[in-house]
Amino acid sequence: MIRFTREELKDFDAVLAREWLETNGLGGFASSTPYGLNTRRYHGLLVAATHPPVGRMLLLSKFEETLVIDGQRFELSSNQYPGTISPQGHKLLQEFRLDPFPVFTYNVEGFVLEKSIFMIDGENSTVLQYRLREEENEAGEGYSSTARNIQLELRPLVSFRDYHSLAHENDFINRSIEVGQGLVSVKPYSDAPALHVAHDADETERSAYWYRNFEYRVEQERGFDFREDLYSPFALRFDLSRRGSASIIASTDQRDAARADEYRRVEIERRQEVIKRAGFEDEFLLSLVAAADQFIVARGAQKTIIAGYHWFSDWGRDTMIALPGLTLLTGRAEIARRILLEFAQHVTGGMLPNRFPDAGEAPEYNTVDATLWFFEAVRALVEHTVDYEFVRANLYDVLVDIINRHVYGTRYNIRVDEDGLLSSGADGMQLTWMDARVRERVITPRRGKPVEIQALWYNALRVMEELARKFSDETNEQRFGEMASVASESFNRLFWNEELNCLYDVVDGTERDASMRPNQIFAASLPHTMLSYERALKVVEAVRSKLLTPYGLRSLAPDDPQYVAAYTGGPEERDGKYHQGTVWAWLMGAFIIAYLKVHDEALDARGQALKWLAPFQEHLRVAGLGSISEIFDGDAPHTPRGCVAQAWSVAELLRAAAYIQT
């Protein structure tokens, strides 16, 4: 449980830097700050995935909440408007905790109102429950709710927009609402789904207003539009002095608020089962297992992985990297199989799709490494399950075809060169994970032969050699083994930097890029390596001395002239800094595993690795509560940036932590 006391909640800016996240297994989510004050365009109580896991629309932004005690109104909400925070309900907040989902505790005139929020797994539905309890005053006298008139008023604020956009007051909105027994339905725009609000309110008020000029401070900091108008089509009133509780289900389906407790119980049991299935006892590992569950979502009848919240969809590269940690280490191998099946169906031209766009258009094939990480995900599956029959029946032919396509050449000049290494690159394209671009300018083009691509290619060839041997495919077993040997000889001859005792980042013909970047760590961390022990040890030491921080590896060494210390500024400025020193948490997994491989005999190696993980335990309370951020500033204090919950960050830390225990 993550808990913040009343004293901690007084630090306004620190609280607003923290964000909670609830997900629904479809790509939809609910999210805000512990105050309930939205600071992003992505914050809201119901972001529905209309075409799971994409097509996400923010339907319900929030509720304006008022507790009325004997006619006196106490506003529980908080919003940022130009120059002011109004209302200031955060001052009544006594406690915030994740237990296991967001729980807000308000103290008003001696009465304590507790609000909880969770989503129903497999539905675009968010459940809100309010419970009133009494507390004693300083004299030890109890307050009796039955002796007071206590009402709760809730007014929904809706936006009905693509979750990347913002809403503004307009004359096109449909103001009609449908009011039934315990249900209010609204459909402000014809091209949006209806929002059904199930409730157990005592009164529904038909009154509509526009609330103008909400400001989202994080969007302003990030250089985006940051003002929005929200529409309120009705209000609900609950008599808490009569029954002490209120329940609401906001959904794209018609639900019954009387089932709120049942939904709560089922969701708690589901999460407990996720934790239990993983089989860990370590508290940090269990926290990562809980976080891992948020990224696994439906894609049609199969499964996929959301790369990060709030704005990413499912990416091929991120999915394959995250798959072992999120599924196999958490005891969910069947989900791993379903993910691999789904992506295998989309392989064309020997390439795995890199991204499924939010609007549901055709997949994008624009990466050299996503396909190679596919082989490592398959290898991890058989390592954990020994399910070779699944691979033989469903994946082996696809994998063989991928190798063949790379030998003959596929998109963007991706092909095996005469030296057995994998070359790639095309004008205006960024094919590796360092894929930032500003308009037509590719920040880190890395054309030719990037170091991690060669490490992944060699690893893929050895994986295929093993599979061919297992399946008695002698011709391919010999072919893949010979290809791997040729690649290994060329790699060690071309990539070793004698001067710096590490690997070049990119080799392109006679050109060598000696930039100190973290990509070389994969040549030491992957199961199949081309490096001798001595060279692997030197690579790990070079990366440790130049790139290691408490929150991952820098993407560029600080002594490089292009190094950027902080990931700040507008969109284009930030894109230019994305891989120029910014720290990436996911790289800590490969680093720790590589470190332990070369220091396996050292008595304190695992203790040192645990020390490197320790800062992430505190980070669970800092940005995306209970999860791991995407990136951090290169220089101390290494402020978290980017997505507050990133799949491969969680997955790779989980993999590293589990590796330490083996």
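The values are calculated or read from the model by the stated rules, or taken from the named source; none is laboratory data. Since the model is a prediction, treat every value here as computed from it, not as a measurement. No Cβ is skipped: glycine too gets one built from the backbone with ideal geometry, and neighbour counts run over all protein chains shown. Keep in mind that these areas ignore ligands, DNA and RNA; they rest on the heavy atoms of the full protein, side chains included. Shrake-Rupley method; radii C 1.70, N 1.55, O 1.52, S 1.80 Å.
Do any helices (runs of 4 or more DSSP H) entirely within the range 264-358 hold 2 or more residues that are surrounded by 24 or more Cβ atoms within 10 Å (Cβ to Cβ), charged (D, E, K, R) and touching a residue at least 12 places away in the same chain (Cβ under 8 Å), and if so, which?
Working: elements: 283-292, 316-323, 333-344.
Hits in the range 264-358: 316-323.
Would you mention how many residues in the range 395-405 are assigned to a helix (DSSP H, G or I), open to solvent by less than 50 Å² (accessible area, probe 1.4 Å) and more than 18 Å from Glu364 (Cα to Cα)?
6
Report the residue count in the range 44-74 for those that are in a strand (DSSP E or B), closer than 28 Å to Ala194 by Cα and open to solvent by 30 Å² or more (accessible area, probe 1.4 Å).
Within the range 44-74, residues that are in a strand (DSSP E or B), closer than 28 Å to Ala194 by Cα and open to solvent by 30 Å² or more (accessible area, probe 1.4 Å) number 3.
Condition test on Gly448, is it open to solvent by less than 40 Å² (accessible area, probe 1.4 Å) and closer than 18 Å to Phe522 by Cα?
Yes: the conditions hold for Gly448.
Of all residues in the range 463-495, which are closer than 19 Å to Glu376 by Cβ, among the aromatic types (Phe, Trp, Tyr) and surrounded by 21 or more Cβ atoms within 10 Å (Cβ to Cβ)?
Within the range 463-495, Phe480, Phe491 meet the criteria.
Any chance you could count how many residues in the range 218-263 are open to solvent by 60 Å² or more (accessible area, probe 1.4 Å), of a type in the set (Lys, Arg) and at pLDDT 95 or above? Talk me through it step by step, then tell me what you get.
So the first thing to find is which residues in the range 218-263 are open to solvent by 60 Å² or more (accessible area, probe 1.4 Å), and the list is 220-221, 224-225, 227, 242-243, 253-256, 258-259, 261-262.
With the extra rule that they be of a type in the set (Lys, Arg), the set shrinks to 227, 242-243, 255, 259.
After this cut, where a residue has to be at pLDDT 95 or above as well, the list is 227, 255, 259.
Selection size over the range 218-263: 3.
State whether the residues of the range 195-217 include one that is of a type in the set (A, V, I, L, M, F, W, C), closer than 26 Å to Ala49 by Cα and either at pLDDT below 95 or surrounded by fewer than 19 Cβ atoms within 10 Å (Cβ to Cβ) (or both). So that I can check it myself, show each step before the final result.
Step one: list which residues in the range 195-217 are of a type in the set (A, V, I, L, M, F, W, C), which gives 195, 197-198, 201, 208, 210, 214.
If we keep only those that are closer than 26 Å to Ala49 by Cα as well, we get 195, 197-198, 210, 214.
Filter once more, so that each one left must be either at pLDDT below 95 or surrounded by fewer than 19 Cβ atoms within 10 Å (Cβ to Cβ) (or both): 210.
Yes, the conditions are met somewhere in the range 195-217.
Within the range 479-497, is there a residue that is under 30 Å from Val564 (Cα atoms), of a type in the set (Asp, Glu) and in contact (Cβ under 8 Å) with a residue 60 or more places away in the chain?
No, every residue in the range 479-497 fails to be under 30 Å from Val564 (Cα atoms), of a type in the set (Asp, Glu) and in contact (Cβ under 8 Å) with a residue 60 or more places away in the chain.
Where residues in the range 185-194 are hydrophobic (A, V, I, L, M, F, W, C) and open to solvent by less than 20 Å² (accessible area, probe 1.4 Å), which of them is nearest to Val127 (Cα to Cα)?
Ranking the candidates gives Val186 first.
Considering only residues that are out of contact with any helix residue (DSSP H, G or I) (no Cβ under 6 Å at 6 or more places or on another chain) and within 21 Å of Leu128 (Cα to Cα), look in the range 75-90 and name the one that is most open to solvent (accessible area, probe 1.4 Å).
Gln88
Among all residue pairs at least 6 apart or on different chains, which show Cβ distances below 8 Å where the first residue, located in the range 206-222, is closer than 17 Å to Thr568 by Cβ and the second is open to solvent by 60 Å² or more (accessible area, probe 1.4 Å) and part of a loop (DSSP other than H, G, I, E, B)?
Short answer, once both residue conditions are applied: Glu219/Asp225.
Restricting to the range 306-325, give me the number of residues that are touching a strand residue (DSSP E or B) at 6+ places or on another chain (Cβ under 6 Å) and under 16 Å from Trp586 (Cα atoms). Walk me through how you get there before you give the answer.
The first filter runs over the range 306-325 and keeps only residues touching a strand residue (DSSP E or B) at 6+ places or on another chain (Cβ under 6 Å), leaving 306-309, 313-315, 319, 322.
Filter again for under 16 Å from Trp586 (Cα atoms), leaving 306-309, 315, 319, 322.
Looking only at that region, the number is 7.
May I ask you to list the residues in the range 93-152 that are assigned to a loop (DSSP other than H, G, I, E, B), in contact with a Phe, Trp or Tyr (Cβ under 9 Å, 6 or more places away or on another chain) and either on the phi > 0 side of the Ramachandran plot or modelled with pLDDT under 95 (or both)?
Glu109, Gly110, Glu135, Asn137, Tyr143, Arg148
Does Asp387 satisfy the condition of being farther than 18 Å from Arg332 by Cβ and of a type outside the set (Gly, Ala, Ser)?
Judged against the criteria, Asp387 is not a match.
Can you name the number of the only condition in (1) within 30 Å of Ala192 (Cβ to Cβ); (2) touching a residue at least 24 places away in the same chain (Cβ under 8 Å); (3) in a strand (DSSP E or B) that Ser86 fails?
(2)
Taking interchain pairs and intrachain pairs at least six residues apart, which have beta carbon atoms under 6 angstrom, with the first residue in the range 176-190 and free of Cβ contacts under 8 Å to residues at least 60 places away in the same chain and the second open to solvent by less than 30 Å² (accessible area, probe 1.4 Å) and among the polar types (S, T, N, Q)?
Glu178/Ser185
Looking only at the range 252-277, how many residues end up being within 20 Å of Ala198 (Cβ to Cβ) and out of contact with any Pro (no Cβ under 8 Å at 6 or more places or on another chain)?
15
Looking at Thr410, Thr367, which one is touching a Gly at 6+ places or on another chain (Cβ under 8 Å), among the β-branched types (Val, Ile, Thr) and open to solvent by 10 Å² or more (accessible area, probe 1.4 Å)?
Numbers: Thr367 fails: open to solvent by 10 Å² or more (accessible area, probe 1.4 Å).
Every option except Thr410 fails the conditions.
Of all residues in the range 155-166, which are of a type in the set (A, V, I, L, M) and open to solvent by 10 Å² or more (accessible area, probe 1.4 Å)? Can you show your working first?
Of the range 155-166, the ones of a type in the set (A, V, I, L, M) are 157-158, 166.
Answer for the range 155-166, where residues must be of a type in the set (A, V, I, L, M) and open to solvent by 10 Å² or more (accessible area, probe 1.4 Å): just Leu166.
Of the residues in the range 496-514, how many are surrounded by fewer than 18 Cβ atoms within 10 Å (Cβ to Cβ), assigned to a loop (DSSP other than H, G, I, E, B) and of a type outside the set (Val, Ile, Thr)?
Number satisfying all stated conditions: 6.
Would you point out the residue of the range 17-35, among those that are open to solvent by 10 Å² or more (accessible area, probe 1.4 Å) and not in a strand (DSSP E or B), that is farthest from His51 (Cα to Cα)?
Among those that are open to solvent by 10 Å² or more (accessible area, probe 1.4 Å) and not in a strand (DSSP E or B), it is Ala17.
Going by the conditions given, is Pro518 crowded, with 18+ Cβ neighbours inside 10 Å and either closer than 20 Å to Met588 by Cβ or among the β-branched types (Val, Ile, Thr) (or both)?
Details: crowded, with 18+ Cβ neighbours inside 10 Å: yes; either closer than 20 Å to Met588 by Cβ or among the β-branched types (Val, Ile, Thr) (or both): yes.
Spelling it out, Pro518 is indeed crowded, with 18+ Cβ neighbours inside 10 Å and either closer than 20 Å to Met588 by Cβ or among the β-branched types (Val, Ile, Thr) (or both).
Applying the selection to the range 413-428, what residues are at negative phi and open to solvent by less than 40 Å² (accessible area, probe 1.4 Å)?
Passing the criteria: Ile414, Val416, Asp419, Leu421, Leu422, Ser423, Ser424, Ala426.
Which one of the conditions (1) within 23 Å of Ala336 (Cα to Cα); (2) modelled with pLDDT under 95 does Arg277 fail to meet, given that it meets all the rest?
Failing condition for Arg277: (2).
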